[in-house]
Amino acid sequence: MEPSQTVEDESQPSIATVTRRIQRLSLHLIPLPPLQCSPQLDMLTCAKANKQEVDVASLSSYMRGKHREIQEKIFYFFNSRPDLQTPTEISMKEHRELCLRQLLGLVREAKIKPFRYVVEDPAKYFAISEAVGSIDISLGIKFGVQYSLWGGSVLNLGTKKHRDKYFDGIDNLEYLGCFAMTELHHGSNVQGLQTVATFDPITDEFIIDTPNDGAIKWWIGNAAVHGKFATVFARLVLPTHDSKGVSDMGVHAFIVPIRDLKTHQPLPGIEINDCGHKIGLNGVDNGALRFRSVRIPRDNLLNRFGDVTRDGKYTSSLPTINKRFAATLGELVGGRVGLAHSSVGILKIAVIIAVRYSLLRQQFGPPKQPEVSILDYQSQQHKLMPMLASTYAFHFATQYLVEKYSEMKKTHDEQLVGDVHALSAGLKSYVTSFTAKSLSTCREACGGHGYAAVNRFGTLRNDHDIFQTFEGDNTVLLQQ
């Protein structure tokens, strides 16, 4: 064979290639023959031609479960109180005060007392939380900070003496509190926290110190304006009689009063700053806390997993720092469960708004015929129907997670603890990421009208965005 022929063969497509290209192009030009369907299958021109009847009342009753009555009580209360409904336009300062009034109204006027359910009936607590969050997500978060985080830390990490002393005040909102774990330099890496709690055996006190700017407690809900107490996570340091001088026992939780109960002024050694305006959730007063040799009684150590005796000796039923740390964080998994559950609640709201709008909104249609509901277009169906189906799936998945969590709280079974940890990490990260993307899709599906603030998509999207970060960054949680 001559060289020129080889070059020609390599540079020119083969007959088989040309034939295949022509066949593919012809498919774009020549209509496909009708599908040969079995008697059980039929082609639908649009969804409307196969409309299904649904028993809405029965489906709603089933979906909302056994706690629907307390949710309806919450909705009735806020519907009857226009002064407690969040307006479209509101300043940060006004939103914070409204959020507090909403919470006080819920507890003291509507007589919804959720605190006892945090441990006794978590499913009921999460049902209340979902209803409260649907009123205003800022209210839902402030509610969660008070009862699940601050209150939950007292119940889950403390012992009887702490419950006896603080339960009523947390329950009736006399003791508004904070959950001071995150620091400026440490969030997900809780074992790297730098705040120090040093035991003073002479006075029988712990001294809480912020050693540097990176150890300032940051993004602490309820701290900037309303909080009176904080559960502070710090490294427990004990004096020793050897060459080291001190022994670091790892991260523990301490109850630290931050404001005077009568004057509401910051207590000596407590420096409080405001984290300012945020992308969303501006009804929550996030603040920064710095401690300068703040002394607290030894009894303020939340001592379920580790304690210090009067003479400065450390005692624990768990043998190592890592086991104590794992047990401590294991008791805080309820916050993660709650976030997954709440995220689905926000997704429900957005999907309902988008689907209802798409049923009512009409665009285009056959010549000289009425316009067609935009939900009858496949492009709109492809946006919303998989999302609607996923919302149902996430509803049942998070219900299952709540059931497992409730069972774990009752039995303390080690296998269940591991299952709930893995499920809550995976579901929280997956559901919140899905919801964040879906909120934008819902807004787009409603066109220009979706951009009006009154239709809630902007608020839902901004307020929910942080769900991907707090109670565990989603990237970190997926690796777990």
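Against the definition (assigned to a loop (DSSP other than H, G, I, E, B), touching a residue at least 60 places away in the same chain (Cβ under 8 Å), of a type outside the set (Gly, Ala, Ser) and open to solvent by 50 Å² or more (accessible area, probe 1.4 Å)), how does residue 285 come out, yes or no?
Numbers: assigned to a loop (DSSP other than H, G, I, E, B): yes; touching a residue at least 60 places away in the same chain (Cβ under 8 Å): yes; of a type outside the set (Gly, Ala, Ser): yes; open to solvent by 50 Å² or more (accessible area, probe 1.4 Å): no.
Spelling it out, it is not the case that residue 285 is assigned to a loop (DSSP other than H, G, I, E, B), touching a residue at least 60 places away in the same chain (Cβ under 8 Å), of a type outside the set (Gly, Ala, Ser) and open to solvent by 50 Å² or more (accessible area, probe 1.4 Å).
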(message) One residue is enough: does segment 226-243 have a residue meeting the conditions surrounded by fewer than 13 Cβ atoms within 10 Å (Cβ to Cβ) and of a type in the set (A, V, I, L, M, F, W, C)?
(response) no
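Looking at segment 143-166 only, could you name the residues that are of a type in the set (S, T, N, Q) and open to solvent by 20 Å² or more (accessible area, probe 1.4 Å)? Lay out the reasoning, then the answer.
Here is the first cut: in segment 143-166, the ones of a type in the set (S, T, N, Q) are 146, 148, 153, 156, 159.
Listed by number, the residues that qualify are 148, 159.
Looking at 459, 475, 435, which is the one that is open to solvent by less than 20 Å² (accessible area, probe 1.4 Å) and in contact with a helix residue (DSSP H, G or I) (Cβ under 9 Å, 6 or more places away or on another chain)? Reasoning before the result, please.
Numbers: 459 fails: open to solvent by less than 20 Å² (accessible area, probe 1.4 Å); 475 fails: open to solvent by less than 20 Å² (accessible area, probe 1.4 Å).
Sole residue among the options that is open to solvent by less than 20 Å² (accessible area, probe 1.4 Å) and in contact with a helix residue (DSSP H, G or I) (Cβ under 9 Å, 6 or more places away or on another chain): 435.
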(request) Take segment 172-186 and flag every residue that is open to solvent by 10 Å² or more (accessible area, probe 1.4 Å), within 21 Å of residue 333 (Cα to Cα) and touching a Phe, Trp or Tyr at 6+ places or on another chain (Cβ under 8 Å). (result) 179, 181, 182
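Quick one: which of 296, 321 is touching a Phe, Trp or Tyr at 6+ places or on another chain (Cβ under 6 Å) and surrounded by fewer than 19 Cβ atoms within 10 Å (Cβ to Cβ)? Steps first, answer last, please.
Values: 321 fails: touching a Phe, Trp or Tyr at 6+ places or on another chain (Cβ under 6 Å).
Answer to the check: 296.
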(request) For residue 392, work out the one condition from (1) more than 22 Å from the chain's Cα centre (by Cα); (2) open to solvent by 80 Å² or more (accessible area, probe 1.4 Å) it doesn't fulfil. (result) (1)
(message) Return the pair list, or none, for Cβ contacts closer than 6 Å from residues in segment 419-434 that are on the phi > 0 side of the Ramachandran plot to residues that are assigned to a helix (DSSP H, G or I) and surrounded by fewer than 17 Cβ atoms within 10 Å (Cβ to Cβ), at least 6 apart or on different chains.
(response) none
(request) Specify the residue that is least open to solvent (accessible area, probe 1.4 Å); the eligible residues are those in segment 202-211 that are out of contact with any Leu (no Cβ under 9 Å at 6 or more places or on another chain) and in a loop (DSSP other than H, G, I, E, B). (result) 204
(request) Could you check, for segment 164-178, whether at least one of its residues is polar (S, T, N, Q) and in contact with a helix residue (DSSP H, G or I) (Cβ under 9 Å, 6 or more places away or on another chain)? (result) yes
(request) From 217, 262, 228, grab the single residue that is over 18 Å from residue 308 (Cβ atoms), assigned by the TED database to the domain that holds residue 315 and free of Cβ contacts under 8 Å to residues at least 12 places away in the same chain. (result) 262
(request) Please state which one of 169, 250 is open to solvent by less than 60 Å² (accessible area, probe 1.4 Å), at positive phi and not aromatic (Phe, Trp, Tyr). (result) 250
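When you check residue 81 against the structure, is it surrounded by 11 or more Cβ atoms within 10 Å (Cβ to Cβ) and either at pLDDT below 95 or under 32 Å from the mean Cα position of the chain (by Cα) (or both), yes or no? Before the answer, list the steps.
Numbers: surrounded by 11 or more Cβ atoms within 10 Å (Cβ to Cβ): yes; either at pLDDT below 95 or under 32 Å from the mean Cα position of the chain (by Cα) (or both): yes.
So residue 81 passes the test.
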(request) Give segment 355-365 a look and list any residue that's open to solvent by 70 Å² or more (accessible area, probe 1.4 Å) and either farther than 23 Å from residue 435 by Cα or within 27 Å of the chain's Cα centre (by Cα) (or both), or say none. (result) 356, 360, 361, 362, 364
(message) Here's a check for you: in segment 104-127, which residue that is out of contact with any helix residue (DSSP H, G or I) (no Cβ under 6 Å at 6 or more places or on another chain) and part of a helix (DSSP H, G or I) is surrounded by the most Cβ atoms within 10 Å (Cβ to Cβ)?
(response) 106
(message) Can you tell me which of (1) assigned by the TED database to the domain that holds residue 464; (2) in contact with a helix residue (DSSP H, G or I) (Cβ under 7 Å, 6 or more places away or on another chain) is the one residue 367 doesn't meet?
(response) (2)
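Identify, please: which residue in segment 409-421 is out of contact with any helix residue (DSSP H, G or I) (no Cβ under 8 Å at 6 or more places or on another chain) and open to solvent by 60 Å² or more (accessible area, probe 1.4 Å) and is, among those, nearest to residue 157 (Cα to Cα)? Working first, answer last.
At the first step, the residues of segment 409-421 found to be out of contact with any helix residue (DSSP H, G or I) (no Cβ under 8 Å at 6 or more places or on another chain) are 410-412, 414-415, 418.
Pick out the ones that are also open to solvent by 60 Å² or more (accessible area, probe 1.4 Å) and you get 410-412, 414-415.
Working: 410: 15, 411: 17, 412: 14, 414: 17, 415: 20 Å.
Among residues in segment 409-421 that are out of contact with any helix residue (DSSP H, G or I) (no Cβ under 8 Å at 6 or more places or on another chain) and open to solvent by 60 Å² or more (accessible area, probe 1.4 Å), the one nearest to residue 157 (Cα to Cα) is 412.
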(message) So, in segment 364-379, how many residues would count as being outside any loop (DSSP other than H, G, I, E, B) and touching a strand residue (DSSP E or B) at 6+ places or on another chain (Cβ under 7 Å)?
(response) 3
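The values are calculated or read from the model by the stated rules, or taken from the named source; none is laboratory data. Quantities reported herein were computed from a predicted structural model and do not represent experimental measurements. Positions of Cβ are backbone-derived with ideal geometry, glycine not excepted, and every protein chain shown enters the neighbour counts. For the accessible areas, the whole protein counts, side chains as well, though only heavy atoms, and no ligand, DNA or RNA atoms are used. Shrake-Rupley method; radii C 1.70, N 1.55, O 1.52, S 1.80 Å.
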